[in-house]
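All remarks here apply to the structure that follows.
The values are calculated or read from the model by the stated rules, or taken from the named source; none is laboratory data. What you see is a predicted model; the values in this text were computed from it and never measured. Because the Cβ atoms are built from the backbone with ideal geometry, glycine has one as well, and the counts that use them run over all protein chains shown. Each accessible area value is taken on the protein alone, full model and side chains, heavy atoms only, with ligands, DNA and RNA left out. Shrake-Rupley method; radii C 1.70, N 1.55, O 1.52, S 1.80 Å.
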Amino acid sequence: MVVGAGVFGAAAALELRRRGYEVTLVDRGGPPHPEASSTDVSKVVRMDYGADVFYHELAEAALAGWDEWNRAEPRPLYHETGFLVLASEPMRAGSFEAESFRTLRDRGYEPDRLDAGALGSRFPAWNADRYPDGYVSRRGGWAESGAVVSRLVSRGEEEGVRPVEGTFAALREEGSRIAGVRLADGRELRADRVVVAAGAWTPVLLPWLRPLLRSVAQPVVHLAPEAPERLRPPGFLPFAADISGSGWYGFPALPDGQLKIGHHGMGKEAHPDERGGVGGAHLERLRDFLSDALPALVDAPVAATRTCMYCDAVDGDLLIGRDPLRDGLVVAGGGSGHGFKFAPLLGPLVADALEGRENRWSNRLGWRASGPVRTEAARHTIPNNEPPRKEEAG
Ligand SMILES: Cc1cc2nc3c(=O)[nH]c(=O)nc-3n(C[C@H](O)[C@H](O)[C@H](O)COP(=O)(O)OP(=O)(O)OC[C@H]3O[C@@H](n4cnc5c(N)ncnc54)[C@H](O)[C@@H]3O)c2cc1C
(Lines give C-alpha, C1' and ligand atoms only; values in the text may rest on other atoms or scores of the structure.)
Protein backbone atom coordinates (compact mmCIF):
# COMPACT_ATOMS: atom_id res chain seq x y z
CA MET A 1 0.00 0.00 0.00
CA VAL A 2 1.41 3.36 -0.99
CA VAL A 3 -0.21 6.45 0.52
CA GLY A 4 0.34 9.57 -1.57
CA ALA A 5 0.66 9.75 -5.35
CA GLY A 6 3.10 12.59 -5.68
CA VAL A 7 6.46 11.84 -7.30
CA PHE A 8 7.74 9.81 -4.32
CA GLY A 9 4.62 7.64 -4.07
CA ALA A 10 3.88 7.25 -7.79
CA ALA A 11 7.50 6.26 -8.52
CA ALA A 12 7.50 3.84 -5.58
CA ALA A 13 4.23 2.20 -6.64
CA LEU A 14 5.52 1.57 -10.17
CA GLU A 15 8.83 0.12 -8.99
CA LEU A 16 7.19 -2.11 -6.36
CA ARG A 17 4.79 -3.40 -8.99
CA ARG A 18 7.73 -4.18 -11.27
CA ARG A 19 9.33 -6.07 -8.38
CA GLY A 20 6.24 -8.28 -8.26
CA TYR A 21 4.17 -6.82 -5.42
CA GLU A 22 0.42 -6.33 -5.50
CA VAL A 23 0.32 -2.55 -5.15
CA THR A 24 -2.48 -0.21 -4.11
CA LEU A 25 -1.89 3.53 -4.53
CA VAL A 26 -4.05 5.77 -2.35
CA ASP A 27 -4.52 9.49 -2.83
CA ARG A 28 -7.18 12.05 -1.86
CA GLY A 29 -7.82 13.00 -5.46
CA GLY A 30 -6.19 13.36 -8.87
CA PRO A 31 -3.45 12.17 -9.11
CA PRO A 32 -1.72 14.43 -9.69
CA HIS A 33 -3.50 16.15 -6.85
CA PRO A 34 -3.69 19.93 -7.41
CA GLU A 35 -2.22 20.69 -3.98
CA ALA A 36 0.68 18.26 -4.25
CA SER A 37 4.16 19.81 -4.43
CA SER A 38 4.97 17.62 -7.42
CA THR A 39 2.00 19.01 -9.32
CA ASP A 40 3.59 21.92 -11.12
CA VAL A 41 4.66 23.01 -14.59
CA SER A 42 8.37 22.79 -13.94
CA LYS A 43 11.11 21.76 -11.52
CA VAL A 44 14.84 22.39 -11.82
CA VAL A 45 17.11 19.42 -12.52
CA ARG A 46 20.70 20.28 -11.52
CA MET A 47 23.91 18.67 -10.25
CA ASP A 48 24.94 21.97 -8.65
CA TYR A 49 25.12 21.31 -4.91
CA GLY A 50 28.12 23.33 -3.79
CA ALA A 51 30.74 21.07 -2.20
CA ASP A 52 28.16 18.39 -1.36
CA VAL A 53 29.42 15.62 -3.63
CA PHE A 54 26.75 13.21 -2.32
CA TYR A 55 23.94 15.19 -3.94
CA HIS A 56 26.02 15.98 -6.99
CA GLU A 57 26.40 12.20 -7.50
CA LEU A 58 22.76 11.47 -6.69
CA ALA A 59 21.69 14.06 -9.28
CA GLU A 60 24.18 12.64 -11.77
CA ALA A 61 22.67 9.18 -11.34
CA ALA A 62 19.18 10.67 -11.65
CA LEU A 63 20.17 12.39 -14.91
CA ALA A 64 21.01 9.03 -16.45
CA GLY A 65 17.49 8.02 -15.43
CA TRP A 66 15.98 11.12 -17.01
CA ASP A 67 17.77 10.25 -20.28
CA GLU A 68 16.31 6.76 -20.14
CA TRP A 69 12.82 8.07 -19.42
CA ASN A 70 13.10 10.55 -22.28
CA ARG A 71 14.06 7.73 -24.63
CA ALA A 72 11.07 5.66 -23.49
CA GLU A 73 8.48 8.46 -23.79
CA PRO A 74 6.74 9.76 -26.91
CA ARG A 75 7.99 13.23 -26.00
CA PRO A 76 10.70 14.24 -23.50
CA LEU A 77 9.50 15.46 -20.10
CA TYR A 78 13.01 16.46 -19.03
CA HIS A 79 14.52 19.33 -21.03
CA GLU A 80 18.32 19.52 -20.98
CA THR A 81 18.52 23.23 -21.74
CA GLY A 82 21.50 23.84 -19.44
CA PHE A 83 21.30 25.58 -16.06
CA LEU A 84 22.52 29.14 -15.43
CA VAL A 85 24.19 29.84 -12.10
CA LEU A 86 24.88 33.51 -11.35
CA ALA A 87 27.07 35.01 -8.63
CA SER A 88 26.60 38.54 -7.34
CA GLU A 89 30.35 38.74 -6.62
CA PRO A 90 33.43 37.13 -8.15
CA MET A 91 33.18 33.44 -7.25
CA ARG A 92 35.22 32.79 -4.13
CA ALA A 93 36.08 29.47 -2.48
CA GLY A 94 33.34 28.52 -0.06
CA SER A 95 30.48 30.12 -1.98
CA PHE A 96 27.70 27.94 -3.39
CA GLU A 97 28.58 28.99 -6.93
CA ALA A 98 32.35 28.52 -6.61
CA GLU A 99 32.05 25.13 -4.90
CA SER A 100 29.46 23.90 -7.42
CA PHE A 101 31.70 25.02 -10.28
CA ARG A 102 34.74 23.32 -8.72
CA THR A 103 32.81 20.09 -8.06
CA LEU A 104 31.61 19.97 -11.66
CA ARG A 105 35.13 20.46 -12.96
CA ASP A 106 36.63 17.98 -10.51
CA ARG A 107 34.18 15.43 -11.83
CA GLY A 108 35.04 15.97 -15.46
CA TYR A 109 32.32 18.40 -16.53
CA GLU A 110 33.18 21.62 -18.35
CA PRO A 111 30.77 24.32 -17.27
CA ASP A 112 31.02 27.55 -19.27
CA ARG A 113 32.31 30.28 -17.03
CA LEU A 114 30.64 33.64 -17.57
CA ASP A 115 31.91 37.10 -16.78
CA ALA A 116 29.61 40.12 -17.08
CA GLY A 117 30.47 40.56 -20.74
CA ALA A 118 29.64 36.97 -21.63
CA LEU A 119 26.46 37.11 -19.56
CA GLY A 120 25.36 40.27 -21.35
CA SER A 121 25.96 38.89 -24.83
CA ARG A 122 24.63 35.34 -24.32
CA PHE A 123 21.73 36.16 -21.99
CA PRO A 124 20.66 39.75 -22.77
CA ALA A 125 17.60 39.79 -20.45
CA TRP A 126 19.95 39.88 -17.44
CA ASN A 127 21.48 43.02 -15.90
CA ALA A 128 25.07 41.86 -16.43
CA ASP A 129 26.47 44.51 -14.07
CA ARG A 130 24.65 42.77 -11.23
CA TYR A 131 26.32 39.40 -11.82
CA PRO A 132 30.06 39.70 -12.50
CA ASP A 133 30.58 35.94 -12.41
CA GLY A 134 28.82 32.65 -12.94
CA TYR A 135 28.57 29.70 -15.28
CA VAL A 136 26.33 27.53 -17.39
CA SER A 137 26.14 23.85 -16.46
CA ARG A 138 25.19 22.09 -19.68
CA ARG A 139 24.20 18.88 -17.92
CA GLY A 140 21.01 20.23 -16.33
CA GLY A 141 17.69 21.87 -17.10
CA TRP A 142 14.08 21.34 -16.04
CA ALA A 143 11.35 18.74 -15.94
CA GLU A 144 7.59 19.01 -16.45
CA SER A 145 6.81 17.75 -12.97
CA GLY A 146 3.04 17.39 -13.13
CA ALA A 147 3.28 15.58 -16.46
CA VAL A 148 5.93 13.27 -15.02
CA VAL A 149 3.65 12.29 -12.13
CA SER A 150 0.75 11.67 -14.52
CA ARG A 151 3.01 9.46 -16.59
CA LEU A 152 4.24 7.48 -13.58
CA VAL A 153 0.66 6.96 -12.40
CA SER A 154 -0.64 5.88 -15.80
CA ARG A 155 2.32 3.53 -16.35
CA GLY A 156 1.65 2.07 -12.92
CA GLU A 157 -1.98 1.43 -13.75
CA GLU A 158 -1.04 -0.08 -17.11
CA GLU A 159 1.22 -2.47 -15.21
CA GLY A 160 -1.35 -3.36 -12.54
CA VAL A 161 -1.12 -0.79 -9.74
CA ARG A 162 -4.59 -0.48 -8.15
CA PRO A 163 -5.57 3.18 -7.60
CA VAL A 164 -7.82 4.00 -4.64
CA GLU A 165 -9.26 7.45 -4.04
CA GLY A 166 -9.42 8.12 -0.33
CA THR A 167 -7.99 10.10 2.53
CA PHE A 168 -5.57 8.30 4.81
CA ALA A 169 -6.56 8.78 8.45
CA ALA A 170 -4.47 6.26 10.37
CA LEU A 171 -2.29 3.16 10.16
CA ARG A 172 -3.95 -0.18 10.78
CA GLU A 173 -2.03 -2.12 13.42
CA GLU A 174 -2.16 -5.85 14.14
CA GLY A 175 -0.08 -6.47 17.24
CA SER A 176 3.27 -4.78 16.63
CA ARG A 177 2.83 -4.86 12.88
CA ILE A 178 1.43 -2.27 10.50
CA ALA A 179 -1.18 -4.13 8.45
CA GLY A 180 -2.79 -1.51 6.24
CA VAL A 181 -4.53 1.81 6.61
CA ARG A 182 -7.78 3.29 7.80
CA LEU A 183 -9.34 5.95 5.57
CA ALA A 184 -11.24 9.00 6.77
CA ASP A 185 -14.50 7.56 5.41
CA GLY A 186 -14.07 4.48 7.63
CA ARG A 187 -12.84 2.07 4.98
CA GLU A 188 -10.04 -0.25 6.12
CA LEU A 189 -7.50 -1.37 3.51
CA ARG A 190 -5.26 -4.31 4.35
CA ALA A 191 -1.63 -4.60 3.29
CA ASP A 192 1.55 -6.41 4.32
CA ARG A 193 3.62 -3.27 3.91
CA VAL A 194 2.67 0.41 3.92
CA VAL A 195 4.67 3.24 2.33
CA VAL A 196 3.63 6.71 3.48
CA ALA A 197 4.70 9.24 0.83
CA ALA A 198 2.38 12.09 1.74
CA GLY A 199 4.76 14.99 1.13
CA ALA A 200 4.25 17.97 3.42
CA TRP A 201 1.32 16.16 5.05
CA THR A 202 3.71 13.49 6.42
CA PRO A 203 4.53 15.19 9.77
CA VAL A 204 0.79 15.87 10.16
CA LEU A 205 -0.19 12.24 9.54
CA LEU A 206 2.80 10.66 11.38
CA PRO A 207 3.38 13.08 14.29
CA TRP A 208 6.35 11.14 15.73
CA LEU A 209 8.28 12.46 12.70
CA ARG A 210 7.89 16.09 13.73
CA PRO A 211 11.36 16.34 15.27
CA LEU A 212 12.71 15.69 11.76
CA LEU A 213 10.08 16.94 9.30
CA ARG A 214 8.29 20.28 9.03
CA SER A 215 5.65 21.54 6.58
CA VAL A 216 6.82 24.81 5.04
CA ALA A 217 4.94 27.13 2.66
CA GLN A 218 6.81 28.69 -0.27
CA PRO A 219 5.67 31.36 -2.75
CA VAL A 220 5.64 30.82 -6.50
CA VAL A 221 4.80 33.51 -9.06
CA HIS A 222 3.94 33.08 -12.75
CA LEU A 223 4.51 36.18 -14.86
CA ALA A 224 3.08 36.96 -18.31
CA PRO A 225 5.90 38.86 -20.04
CA GLU A 226 5.25 40.87 -23.18
CA ALA A 227 7.72 39.04 -25.46
CA PRO A 228 8.00 35.49 -24.11
CA GLU A 229 9.81 34.35 -27.24
CA ARG A 230 12.87 36.30 -26.01
CA LEU A 231 12.77 34.46 -22.69
CA ARG A 232 13.34 30.93 -23.94
CA PRO A 233 16.46 28.81 -24.52
CA PRO A 234 19.09 29.26 -25.71
CA GLY A 235 18.99 32.99 -24.72
CA PHE A 236 17.20 32.40 -21.43
CA LEU A 237 17.75 29.34 -19.25
CA PRO A 238 16.49 27.96 -15.96
CA PHE A 239 18.51 29.90 -13.44
CA ALA A 240 19.77 30.32 -9.89
CA ALA A 241 20.53 34.00 -9.29
CA ASP A 242 22.85 34.21 -6.27
CA ILE A 243 20.43 31.63 -4.91
CA SER A 244 22.03 31.01 -1.49
CA GLY A 245 22.36 34.77 -0.98
CA SER A 246 18.94 35.82 -2.30
CA GLY A 247 16.81 32.69 -2.86
CA TRP A 248 15.74 33.56 -6.41
CA TYR A 249 15.49 30.95 -9.16
CA GLY A 250 13.31 30.60 -12.23
CA PHE A 251 12.50 29.12 -15.59
CA PRO A 252 12.19 30.06 -19.25
CA ALA A 253 8.81 31.12 -20.62
CA LEU A 254 6.57 28.19 -21.48
CA PRO A 255 4.57 27.74 -24.70
CA ASP A 256 1.67 29.51 -22.98
CA GLY A 257 3.91 32.53 -22.51
CA GLN A 258 4.09 32.29 -18.71
CA LEU A 259 7.38 32.38 -16.81
CA LYS A 260 7.73 30.98 -13.30
CA ILE A 261 9.88 32.48 -10.54
CA GLY A 262 10.37 30.74 -7.21
CA HIS A 263 12.14 31.57 -3.96
CA HIS A 264 14.27 28.88 -2.28
CA GLY A 265 14.24 30.57 1.11
CA MET A 266 13.26 29.39 4.59
CA GLY A 267 9.55 29.88 3.87
CA LYS A 268 6.88 29.84 6.55
CA GLU A 269 5.87 26.84 8.62
CA ALA A 270 2.20 26.04 7.93
CA HIS A 271 -0.30 23.19 7.90
CA PRO A 272 -0.53 22.12 4.23
CA ASP A 273 -4.31 22.59 4.28
CA GLU A 274 -3.96 26.14 5.71
CA ARG A 275 -1.06 27.33 3.59
CA GLY A 276 -2.48 30.75 2.63
CA GLY A 277 -1.70 32.71 -0.50
CA VAL A 278 1.25 34.71 -1.83
CA GLY A 279 1.25 38.09 -0.10
CA GLY A 280 1.95 41.59 -1.36
CA ALA A 281 5.26 41.73 0.51
CA HIS A 282 6.61 38.84 -1.55
CA LEU A 283 5.42 40.45 -4.80
CA GLU A 284 7.20 43.65 -3.80
CA ARG A 285 10.40 41.74 -3.10
CA LEU A 286 10.04 40.05 -6.47
CA ARG A 287 9.67 43.43 -8.22
CA ASP A 288 12.80 44.65 -6.41
CA PHE A 289 14.69 41.61 -7.62
CA LEU A 290 13.42 42.03 -11.19
CA SER A 291 14.20 45.73 -11.35
CA ASP A 292 17.72 44.96 -10.18
CA ALA A 293 18.46 41.77 -12.07
CA LEU A 294 15.97 41.20 -14.90
CA PRO A 295 14.77 44.59 -16.09
CA ALA A 296 13.01 42.98 -19.06
CA LEU A 297 10.52 41.49 -16.61
CA VAL A 298 10.01 44.27 -14.10
CA ASP A 299 6.64 45.31 -15.51
CA ALA A 300 5.42 41.87 -16.49
CA PRO A 301 1.94 41.28 -15.08
CA VAL A 302 1.39 38.49 -12.57
CA ALA A 303 -0.55 35.72 -14.32
CA ALA A 304 -0.87 33.45 -11.29
CA THR A 305 0.56 32.80 -7.86
CA ARG A 306 0.71 29.62 -5.83
CA THR A 307 1.80 28.58 -2.36
CA CYS A 308 3.56 25.26 -2.61
CA MET A 309 4.69 23.13 0.32
CA TYR A 310 8.11 21.80 1.23
CA CYS A 311 8.36 18.74 3.43
CA ASP A 312 11.47 20.11 5.11
CA ALA A 313 13.82 17.72 6.87
CA VAL A 314 15.80 19.59 9.55
CA ASP A 315 19.01 18.27 7.97
CA GLY A 316 17.89 19.03 4.40
CA ASP A 317 18.14 15.36 3.37
CA LEU A 318 15.46 13.20 1.81
CA LEU A 319 14.01 10.57 4.12
CA ILE A 320 13.54 7.10 2.66
CA GLY A 321 13.56 4.40 5.29
CA ARG A 322 11.77 1.80 7.41
CA ASP A 323 10.40 2.92 10.77
CA PRO A 324 12.26 0.74 13.26
CA LEU A 325 9.42 0.95 15.78
CA ARG A 326 6.62 0.07 13.36
CA ASP A 327 7.24 -3.13 11.49
CA GLY A 328 5.83 -2.89 7.99
CA LEU A 329 6.00 0.92 7.69
CA VAL A 330 8.25 2.75 5.23
CA VAL A 331 8.34 6.55 5.02
CA ALA A 332 9.38 8.31 1.81
CA GLY A 333 9.60 12.08 1.70
CA GLY A 334 11.55 14.98 3.19
CA GLY A 335 11.98 16.43 -0.31
CA SER A 336 13.08 19.68 1.41
CA GLY A 337 12.48 21.74 -1.70
CA HIS A 338 14.90 19.76 -3.86
CA GLY A 339 13.52 16.24 -4.13
CA PHE A 340 11.82 16.19 -7.51
CA LYS A 341 14.95 16.00 -9.64
CA PHE A 342 15.69 12.56 -8.19
CA ALA A 343 12.43 11.15 -9.60
CA PRO A 344 14.08 8.37 -11.69
CA LEU A 345 15.80 7.03 -8.56
CA LEU A 346 12.96 7.41 -6.06
CA GLY A 347 11.17 4.18 -7.00
CA PRO A 348 14.25 1.94 -6.57
CA LEU A 349 15.29 3.80 -3.38
CA VAL A 350 11.87 3.26 -1.74
CA ALA A 351 11.64 -0.38 -2.90
CA ASP A 352 15.14 -1.08 -1.59
CA ALA A 353 14.20 0.44 1.77
CA LEU A 354 11.04 -1.69 1.91
CA GLU A 355 13.09 -4.81 1.19
CA GLY A 356 15.81 -3.82 3.67
CA ARG A 357 18.44 -3.58 0.93
CA GLU A 358 21.36 -1.26 1.43
CA ASN A 359 22.46 0.89 -1.50
CA ARG A 360 24.89 3.66 -2.26
CA TRP A 361 22.55 6.30 -0.88
CA SER A 362 20.75 4.66 2.00
CA ASN A 363 23.34 5.56 4.60
CA ARG A 364 22.51 9.28 4.37
CA LEU A 365 18.85 9.10 3.26
CA GLY A 366 17.83 6.21 5.53
CA TRP A 367 15.71 6.30 8.69
CA ARG A 368 16.50 8.87 11.36
CA ALA A 369 14.10 10.30 13.92
CA SER A 370 15.83 13.69 14.00
CA GLY A 371 19.01 15.25 12.69
CA PRO A 372 21.53 18.12 12.79
CA VAL A 373 20.08 21.42 11.60
CA ARG A 374 21.48 21.82 8.10
CA THR A 375 20.13 23.05 4.77
CA GLU A 376 20.72 22.00 1.22
CA ALA A 377 23.64 23.93 -0.32
CA ALA A 378 21.55 26.27 -2.52
CA ARG A 379 19.07 27.20 0.19
CA HIS A 380 18.81 30.85 1.19
CA THR A 381 18.73 30.76 4.95
CA ILE A 382 17.90 34.37 5.89
CA PRO A 383 14.19 34.54 6.97
CA ASN A 384 11.98 35.70 4.07
CA ASN A 385 11.01 39.08 5.31
CA GLU A 386 14.54 40.40 5.71
CA PRO A 387 16.27 41.48 2.49
CA PRO A 388 19.83 40.11 2.43
CA ARG A 389 22.35 42.65 3.64
CA LYS A 390 25.14 43.31 1.08
CA GLU A 391 27.94 41.66 3.13
CA GLU A 392 25.84 38.45 3.52
CA ALA A 393 24.99 38.22 -0.22
CA GLY A 394 26.73 35.28 -2.10
C1 LIG B 1 7.75 25.79 -4.63
C2 LIG B 1 8.52 24.51 -4.79
C3 LIG B 1 9.51 24.45 -5.75
C4 LIG B 1 10.27 23.29 -5.89
N5 LIG B 1 11.23 23.27 -6.84
C6 LIG B 1 11.95 22.14 -7.01
C7 LIG B 1 12.92 22.09 -8.06
O8 LIG B 1 13.08 23.06 -8.82
N9 LIG B 1 13.63 20.95 -8.20
C10 LIG B 1 13.46 19.86 -7.37
O11 LIG B 1 14.16 18.88 -7.52
N12 LIG B 1 12.53 19.88 -6.37
C13 LIG B 1 11.79 21.00 -6.18
N14 LIG B 1 10.83 21.05 -5.21
C15 LIG B 1 10.67 19.90 -4.31
C16 LIG B 1 9.76 18.85 -4.89
O17 LIG B 1 8.65 19.45 -5.51
C18 LIG B 1 9.32 17.91 -3.81
O19 LIG B 1 10.43 17.40 -3.11
C20 LIG B 1 8.51 16.73 -4.33
O21 LIG B 1 7.62 17.12 -5.31
C22 LIG B 1 7.79 16.06 -3.17
O23 LIG B 1 7.05 14.99 -3.65
P24 LIG B 1 6.17 14.12 -2.66
O25 LIG B 1 5.70 12.97 -3.46
O26 LIG B 1 6.94 13.87 -1.42
O27 LIG B 1 4.99 15.08 -2.21
P28 LIG B 1 3.71 15.62 -3.00
O29 LIG B 1 4.00 15.82 -4.42
O30 LIG B 1 3.19 16.76 -2.25
O31 LIG B 1 2.68 14.39 -2.92
C32 LIG B 1 2.07 14.01 -1.72
C33 LIG B 1 0.75 13.37 -2.06
O34 LIG B 1 0.18 12.85 -0.85
C35 LIG B 1 -1.21 13.04 -0.92
N36 LIG B 1 -1.77 13.02 0.43
C37 LIG B 1 -1.50 13.89 1.44
N38 LIG B 1 -2.25 13.58 2.53
C39 LIG B 1 -2.98 12.49 2.20
C40 LIG B 1 -3.93 11.70 2.90
N41 LIG B 1 -4.26 11.95 4.15
N42 LIG B 1 -4.49 10.65 2.25
C43 LIG B 1 -4.16 10.36 0.96
N44 LIG B 1 -3.25 11.08 0.23
C45 LIG B 1 -2.67 12.12 0.86
C46 LIG B 1 -1.38 14.39 -1.60
O47 LIG B 1 -2.68 14.52 -2.17
C48 LIG B 1 -0.28 14.34 -2.65
O49 LIG B 1 -0.74 13.87 -3.89
C50 LIG B 1 10.03 22.17 -5.05
C51 LIG B 1 8.99 22.22 -4.12
C52 LIG B 1 8.22 23.37 -3.99
C53 LIG B 1 7.14 23.40 -2.98
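When only residues in the range 40-71 that are open to solvent by 10 Å² or more (accessible area, probe 1.4 Å) and among the β-branched types (V, I, T) count, which is nearest to the ligand (Cβ to nearest atom)? First the steps, then the outcome.
Taking the range 40-71 first, the residues open to solvent by 10 Å² or more (accessible area, probe 1.4 Å) are 40-41, 43-44, 46, 51-54, 57, 60-61, 64-65, 67-71.
Filter once more, so that each one left must be among the β-branched types (V, I, T): 41, 44, 53.
On the way: V41: 11, V44: 3, V53: 18 Å.
Restricting to residues being open to solvent by 10 Å² or more (accessible area, probe 1.4 Å) and among the β-branched types (V, I, T), the top hit is V44.
Pull up the range 121-143, narrow it to residues that are open to solvent by less than 30 Å² (accessible area, probe 1.4 Å) and not hydrophobic (A, V, I, L, M, F, W, C), then point me to the one that is farthest from the ligand (Cβ to nearest atom).
That would be D133.
How many of the residues in the range 206-245 are charged (D, E, K, R), assigned to a loop (DSSP other than H, G, I, E, B) and either free of Cβ contacts under 8 Å to residues at least 60 places away in the same chain or buried (at least 20 other Cβ atoms within 10 Å of the Cβ) (or both)? Working first, answer last.
Looking only at the range 206-245, we keep the residues that are charged (D, E, K, R), and these are 210, 214, 226, 229-230, 232, 242.
Narrowing further to those that are assigned to a loop (DSSP other than H, G, I, E, B): 210, 226, 232, 242.
From what's left, either free of Cβ contacts under 8 Å to residues at least 60 places away in the same chain or buried (at least 20 other Cβ atoms within 10 Å of the Cβ) (or both): 210, 232, 242.
Total satisfying the criteria: 3.
Mind counting the residues in the range 118-136 that are of a type in the set (A, V, I, L, M) and either touching a Lys or Arg at 6+ places or on another chain (Cβ under 7 Å) or in contact (Cβ under 8 Å) with a residue 40 or more places away in the chain (or both)?
Quick first cut of the range 118-136, residues of a type in the set (A, V, I, L, M) only: 118-119, 125, 128, 136.
Subsequent filtering for residues that are either touching a Lys or Arg at 6+ places or on another chain (Cβ under 7 Å) or in contact (Cβ under 8 Å) with a residue 40 or more places away in the chain (or both) retains 125, 136.
Number satisfying all stated conditions: 2.
Output yes when any residue across the range 281-303 is of a type outside the set (A, V, I, L, M), open to solvent by 10 Å² or more (accessible area, probe 1.4 Å), assigned to a strand (DSSP E or B) and in contact with a Lys or Arg (Cβ under 7 Å, 6 or more places away or on another chain), and no when none is. Give the derivation first.
Pass one, the range 281-303, residues of a type outside the set (A, V, I, L, M): 282, 284-285, 287-289, 291-292, 295, 299, 301.
With open to solvent by 10 Å² or more (accessible area, probe 1.4 Å) added as a condition, the list becomes 282, 284-285, 287-289, 291-292, 295, 299, 301.
Next, only the ones that are assigned to a strand (DSSP E or B) stay: none.
Checked against the condition, which is being of a type outside the set (A, V, I, L, M), open to solvent by 10 Å² or more (accessible area, probe 1.4 Å), assigned to a strand (DSSP E or B) and in contact with a Lys or Arg (Cβ under 7 Å, 6 or more places away or on another chain), the range 281-303 yields no hits at all.
Name the residue that is nearest to the ligand (Cβ to nearest atom), counting only residues in the range 332-354 that are open to solvent by 10 Å² or more (accessible area, probe 1.4 Å) and without any contact (Cβ under 8 Å) to a residue 60 or more places away in the chain.
L349
Can L119 be described as touching a Gly at 6+ places or on another chain (Cβ under 9 Å) and under 16 Å from W69 (Cα atoms)?
Numbers: touching a Gly at 6+ places or on another chain (Cβ under 9 Å): yes; under 16 Å from W69 (Cα atoms): no.
Answer is no for this residue.
Scan the range 8-39 for residues that are open to solvent by 20 Å² or more (accessible area, probe 1.4 Å), near the ligand (Cβ under 7 Å from one of its atoms) and part of a loop (DSSP other than H, G, I, E, B) and jot them down. Reasoning before the result, please.
So the first thing to find is which residues in the range 8-39 are open to solvent by 20 Å² or more (accessible area, probe 1.4 Å), and the list is 8, 15, 17-22, 27-28, 30-35, 37, 39.
Narrowing further to those that are near the ligand (Cβ under 7 Å from one of its atoms): 8, 27-28, 30-33, 35, 37, 39.
Scanning the range 8-39 gives R28, G30, P31, P32, H33, E35, S37, T39.
State which residue pairs qualify: first residue more than 12 Å from the ligand (Cβ to nearest atom) and inside the range 157-174, second residue among the polar types (S, T, N, Q) in any location, beta carbons under 6 Å apart, and separation of 6 or more residues or different chains.
Qualifying pairs under 6 Å: R162/T24.
Within the range 256-274, identify whether any single residue is in contact (Cβ under 8 Å) with a residue 40 or more places away in the chain, assigned to a strand (DSSP E or B) and open to solvent by 20 Å² or more (accessible area, probe 1.4 Å), and answer yes or no.
yes
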